[in-house]
Amino acid sequence: MRQLRREAAAGVATQNGMASGMAPIVAQELTGLRGVGPKLAARLEAYGIERVEDLLFHFPLRYQDRTRVTPIGGLVEGSEAVVEGEVRGADVTFGRRRSLLVVLQDGTGTLTLRFFHFSNAQKQALRPGVRLRCFGQVRAGPRGAELVHPEYRAVGPVPAPVEDRLTPIYPTTEGIGQQQGRKLCTQAVALLKRQPPEDLLAGVDDDSFTLAEAIAYLHAPPAGAALDALQDGRHPAQLRLAREELLAHHLSLRHLRARERAHRAPAMAADSAGLRDFLARLPFAPTGAQERVMAEIAADLAGEAPMLRLVQGDVGSGKTLVAAAAARQAIAAGYQVAIMAPTELLAEQHRVNFEGWFAEEPVAIAWLSGRVKGVARREALAAIGDGSADLVVGTHALFQDAVSFARLGLLIVDEQHRFGVHQRLSLKDKAADWRPHQLVMTATPIPRTLSMVAYADLDCSVIDELPPGRKPVNTVLVDSARRDTVIERVASACAEGRQAYWVCTLVEESDVLQAQAAEATYEELAAGLPALRVGLVHGKLPAARKAGVMAAFKAGELDLLVATTVIEVGVDVPRASLMVIENPERLGLAQLHQLRGRVGRGSAASHCVLLYQSPLSANGRERLQALRKSNDGFFIARKDLELRGPGEVLGTRQTGLMDFRVARLPEHEDLLDAVQEQAAALSQRYPERVAPLIERWTGARQVFAGV
């Protein structure tokens, strides 16, 4: 990473006409700043700050307004404020907690300062008559407004000056406090003003703020700055930098796409007649959306540039059939196909589906997971290596060095966000003489906002139609205090011949998390519902036992299945029409939507009970209400993005690019169309600026994008 930065810095220096003399700010070492010795430099480097420019792009999380003194009588609960007044009394009280209460007055009102941790010397210093200037958050106390552990200092009778800038609050790490961080950033901004970095959007983005002006403003906004706009990310200085950051990420993904497509991939001619015969043998007909996506993939596979396609489809939309059609085309052209799933349960279900669908096709299928051992493993590796296995279905075991493909032509990754970046890179490189075509699938619909940012290197297909007969799932929220009522409802449903899931979020009991563990719940339900056949499945069970339980549930030999989120994807049991999810407040909306998709696959009306733990936070209630109101995966994904942010929705392992410094999603999605236009303009008019721009905002992370 250091080498990448040195090369980029050298390029910028040359462009700026600074091939000799003072190093550009992009390359200046931290040890050139006051107070930065080897120890602090090492600590900063571990935090990701290696150069002065890194400090410039280390922006505040929020701001405090200490630029004016607020009269005590004008304080608003919940706000942060500077107040000044005279101490009228200081007493120690002994209630639930021992505390020092200091009464402050300024002629407009009375305020209490509350300290839970204090010394006798501190109490003596806060004697009546002393004037204090304090800063803190106003809250309602037993005696009216109060500040808890405020910052304070004694002041004289002559009014002391207040801050002339908003006070930045920076992200911090162990060993680097706010004051130290502010001093370092202040030094960096001083250097910025003498030697600003190149404005790489000059002539492309006509903005009132230059790059240097926007950076300086955000590190120290003046008194009177629009604090609300800054907190919401809508200040013009933030928008200027957000556009540049989003542009850098977009260009990075375009660059990766161009680099991938420059490789040769095997051309696989479409077999339209064979595909028609294959589909005709299935017990169901594909939807129009499935046929459209199949055609898009078939056209990609027929080309010599590597296919890079993302297939999105809501739960139950039929992505697996689309994958089967793609696999069939590749195998017919003489190439191997690898299908990778994140869990053994889902991979096993794929194997069962493909074995059934390809029963009348000359397709040899190999199975490889971490639990395949001994002779079975050696035989599978041999079949993959000599090419006798046409289709390889497996889990992360496919990444291992021992797995060698004879002629890998197509890589299909299901639930791709579950895999780490390095894993997908290693599998892509298993075809030595060409680049395999790549098809990645997700049942977590991705809002357009994220698609434009995180998947700009991929073509995107959407299966936006569910098979006929799928009914919406009725979702209800129930307090865990009514758990017994829910158990009775499960018993009643199963007595009518239906099947049910009871989903827990832990395998074993935890004293830390308020969640019912799957094993304890299984024992409770099996004992409390003796008339029902109850099964248990979770990730720690041996593969054979887990497969046996799932097969028994699918065959109707079990009425109730207690499970962890291992059944989130891939389980298809049409008779299951009731699901209870314990502690849903602990899961993301997309994951809850995936779980809920396990029911509603048959003709019976289906229900999902979200058995939450009181009290629910406002955010938790809003999330669960969104799930109750809608069965639309794209609506759910959009809400998840609004409430949790892109890093949580996609998973930080998935992209490595979503940890933005200034840009926010979905707040800045209105900038994305302009960003695409600017990317084209910059690439055409100033191609020499593209690499420095990508390096400035993404650094070494760009290698992990879009894989």
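Numbers below:
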{"read-out": "Rounded, prolate or oblate (a/c below 1.5 giving rounded, otherwise prolate when a/b exceeds b/c) for the range 213-300 by Cα gyration tensor", "value": "oblate"}
{"read-out": "Mean ellipticity per residue at 222 nm, deg cm²/dmol - from DSSP H runs of n ≥ 4 across the chain, formula -39500 (n - 2.57)", "value": "-11500 deg cm²/dmol"}
{"read-out": "Between helix 672-685 and the chain: long-axis angle, C-alpha atoms, 0 to 90°, nearest 10", "value": "90"}
{"read-out": "Projected label distance in nm at Ala527 and Arg685, using a 7 Å step from Cα toward the beta-carbon", "value": "7.5"}
{"read-out": "With all protein chains modelled, accessible area of Ser603 [1.4 Å, Å²]", "value": "100"}
{"read-out": "Fraction of accessible area attributable to carbon and sulfur, the chain (%, probe 1.4 Å)", "value": "51"}
{"read-out": "Helix axis angle, 633-644 relative to the chain longest principal axis, alpha carbon, degrees", "value": "30"}
{"read-out": "At 1.567 mPa s and 4 °C, Stokes diffusion of the chain via Kirkwood alpha-carbon radius, µm² per second", "value": "44"}
{"read-out": "Contour excess over end-to-end distance, with Cα ends at Ser630 and Lys373 and 0.36 nm allotted per residue", "value": "88.1 nm"}
{"read-out": "Placed amide H near Val155: partners under 5 Å, 5+ positions off or other chain", "value": "Arg131, Leu132, Arg133"}
{"read-out": "Average accessible surface area per residue within the range 144-290, 1.4 Å rolling probe, Å²", "value": "47"}
{"read-out": "C-alpha long axis of helix 236-261 to longest principal axis of the chain, angle in °", "value": "30"}
{"read-out": "Nearest-0.05 FRET efficiency for Ala41 and Asn120, computed from C-beta distance (R0 51 Å)", "value": "0.80"}
{"read-out": "GluC sites (Glu not before Pro) within the range 174-260: DSSP coil, no more than 12 neighbouring Cβ in 10 Å", "value": "Glu174"}
{"read-out": "The range 252-346: chymotrypsin sites (Phe, Trp or Tyr not before Pro) falling in loop per DSSP and having at most 14 other Cβ within 10 Å", "value": "Phe284"}
{"read-out": "Formal net charge of residues neighbouring Glu174 (Cβ-Cβ distance under 15 Å; K, R +1; D, E -1)", "value": "+1"}
{"read-out": "At q = 0.13, 0.15, 0.21 Å⁻¹, base-10 log of I(q)/I(0) for the range 561-645 (Debye sum, equal scatterers on each alpha carbon)", "value": "-0.40, -0.53, -1.02"}
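The values are calculated or read from the model by the stated rules, or taken from the named source; none is laboratory data. Every value quoted in this text rests on a predicted model; they were computed, and no experiment measured them. Reconstructed Cβ throughout: ideal geometry from the backbone, glycine too, with neighbour counts over all protein chains shown. Only protein heavy atoms, including side chains, enter the accessible area calculation; ligands, DNA and RNA are left aside. Shrake-Rupley method; radii C 1.70, N 1.55, O 1.52, S 1.80 Å.
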